[in-house]
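Just below is one structure, and these are the notes that go with it.
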Amino acid sequence: MIVKHTSRKQIMGKLRKKVADRLPIFIASAGSGLVAQLLEKAGVDCINTFSGARLRANGMGTMSMMWPILDSNKQTLDYTREDIMPAIKGDSFVCACLNPNDPLKDMRMVLNQCKDMGVYSASNIGPSLSYVDHDSEIYRVLTKSGITMDHEIEMLALAKEMDMVSIGLAFTIEDSIRIMEEAKPDVFCFHCGTTQGGLKGYDSGEKIEQAAERIEEANGILRKLSPDTIMIAHGSALVNPPDFQYVLDHTSCDGFWTGSSTERIPIENAVLSTAQAFAKLRFPAS
C-alpha cells in the first residue's frame with residue numbers, strides 16, 4: 001500500500017477554485033475507512049478525522065471524547081494512519097482534528113507525524129476547550145490548570161508555519177474572533193453546537209433559521225478580520241441537505257462541514273431499517 005500525498009499548495013488551489021466557481025466547500029467527518037471511502041466517492045473535499053468520530057463509529061456519542069477515557073491524539077493518529085489513509089484514493093484531503101491541550105505531547109511532533117502519513121491539514125477540535133461553557137465552573141478550573149484557547153491558537157498558527165492547511169473552529173463569537181485575529185486560519189468553521197437527531201444527537205431546540213442567523217452574525221464580524229479565510233458552518237439544527245441548503249441560501253458561507261449528518265445518522269437509519277426487515281423474515285408455514 002502506497003498512500004498518495006498532497007501539499008498545502010494543491011489543497012488551497014482546489015479550495016480557492018471552488019470558492020471562485022461558487023461551488024460549496026464540503027468537509028465531512030469519518031470514523032472508519034468505509035465511511036471515508038464513501039465520502040470520497042461522493043465528492044467530499046476534505047475528510048476530517050478526530051476522536052469523536054472514531055467513538056461515534058463505536059456507538060458512543062461524539063461528546064464521549066470529552067471524558068478522560070483515552071489518549072485522544074493517539075487515537076486520532078492511529079486510526080487516521082491505519083484505517084483512513086489506506087482506504088482512500090487521495091481525491092479528498094484529510095484534516096486531523098487534534099487536542100492542542102495535550103500536556104504529554106509536543107504539537108510540532110504531532111503535526112510532523114500527520115505530515116509523515118500524508119495528512120496536510122489540522123484543526124483545533126479533538127476535543128477543544130470550546131465545548132465547555134465559558135461561564136461554568138469547570139471552564140474556570142480548566143483554564144486555571146493550563147488548558148486554554150491559547151494552545152489551540154498556537155497550534156493553528158504552527159500548522160500554517162509548517163506548510164499545512166489550518167482549519168479553525170469555535171462555538172462563540174469571542175473564541176471565533178481570537179482564532180481569526182491570532183491564527184488567521186485558511187478555513188474557519190462556526191460550530192453551532194452538537195448535531196440534533198438520531199440515537200445520540202442532542203436537541204438544543206434551535207431551529208435552522210436561528211442557526212443561520214447566528215452563523216451570519218459571526219461571518220459578518222469575522223470576514224472583516226480576515227477576508228481571505230474560507231468560511232463554513234456546522235452543527236445544531238444543520239442536520240439534512242435541506243438544512244444545509246438553507247444556510248447556503250441565507251448566509252455568506254463558502255461551504256459546510258458535516259459530521260453525524262453524513263456518518264452517524266445515515267448509518268443508524270440504514271442498518272436499523274435493513275436489520276428490522278431481516279428480523280421480520282419467517283419460515284414458510286408447514
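The values are calculated or read from the model by the stated rules, or taken from the named source; none is laboratory data. The shown structure was predicted, so the numbers you read here are calculated from the model rather than taken from an experiment. Positions of Cβ are generated from backbone atoms using ideal geometry, with glycine treated the same way; all protein chains shown enter the neighbour counts.
Some observations on this one:
- Condition check for residue 67 on (1) at pLDDT below 95; (2) within 24 Å of residue 238 (Cβ to Cβ); (3) aromatic (Phe, Trp, Tyr): one failure, at (2).
- Selection from the range 1-31 of residues that are under 18 Å from residue 188 (Cβ atoms) and in a loop (DSSP other than H, G, I, E, B): 24
- Only residues that are part of a helix (DSSP H, G or I), free of Cβ contacts under 8 Å to residues at least 60 places away in the same chain and touching a Leu at 6+ places or on another chain (Cβ under 8 Å) were counted in the range 32-57, giving 0.
- Residue list for the range 124-143, restricted to those being in a loop (DSSP other than H, G, I, E, B) and surrounded by 16 or more Cβ atoms within 10 Å (Cβ to Cβ): 124, 125, 126, 127, 128, 132
- Restricting attention to the range 103-123, the residues that are within 18 Å of residue 68 (Cα to Cα) and surrounded by 18 or more Cβ atoms within 10 Å (Cβ to Cβ) total 0.
- Scanning the range 78-132 for residues that are among the aliphatic types (A, V, I, L, M) and farther than 22 Å from residue 186 by Cα yields 84, 85, 87, 88, 104, 132.
- Count of the range 100-136 residues which are without any contact (Cβ under 8 Å) to a residue 60 or more places away in the chain and not hydrophobic (A, V, I, L, M, F, W, C): 17
- Whenever a residue of the range 164-191 is more than 12 Å from residue 152 (Cβ to Cβ), its partners that are β-branched (Val, Ile, Thr) and in a helix (DSSP H, G or I), lying with C-beta atoms within less than 6 angstrom and at least six residues away or across chains, give the pairs 165/11; 190/215.
- Among the residues of the range 58-86, those identified as surrounded by fewer than 19 Cβ atoms within 10 Å (Cβ to Cβ) and either part of a loop (DSSP other than H, G, I, E, B) or touching a Gly at 6+ places or on another chain (Cβ under 8 Å) (or both) are 58, 59, 60, 61, 63, 64, 67, 68, 69, 70, 71, 86.
- Restricting the range 1-15 to residues that are basic (Lys, Arg) and modelled with pLDDT of 95 or more, the residue that is surrounded by the most Cβ atoms within 10 Å (Cβ to Cβ): 8
- The range 37-64: number of residues that are modelled with pLDDT under 95 and either of a type in the set (Val, Ile, Thr) or under 15 Å from the mean Cα position of the chain (by Cα) (or both): 11
- From the options 263, 216, 209, 268, residue that is acidic (Asp, Glu), touching a helix residue (DSSP H, G or I) at 6+ places or on another chain (Cβ under 8 Å), at negative phi and touching a residue at least 60 places away in the same chain (Cβ under 8 Å): 263
- Filtering the range 17-52 to residues that are within 17 Å of residue 233 (Cα to Cα) and surrounded by fewer than 20 Cβ atoms within 10 Å (Cβ to Cβ) leaves 18, 19, 22, 23, 24.
- Residue under evaluation residue 89, criteria (1) in a helix (DSSP H, G or I); (2) more than 22 Å from residue 253 (Cα to Cα); (3) modelled with pLDDT of 95 or more, criterion not met: (1)
- Residue in the range 250-286 that is nearest to residue 168 (Cα to Cα), counting only those that are among the charged types (D, E, K, R) and surrounded by 10 or more Cβ atoms within 10 Å (Cβ to Cβ): 254
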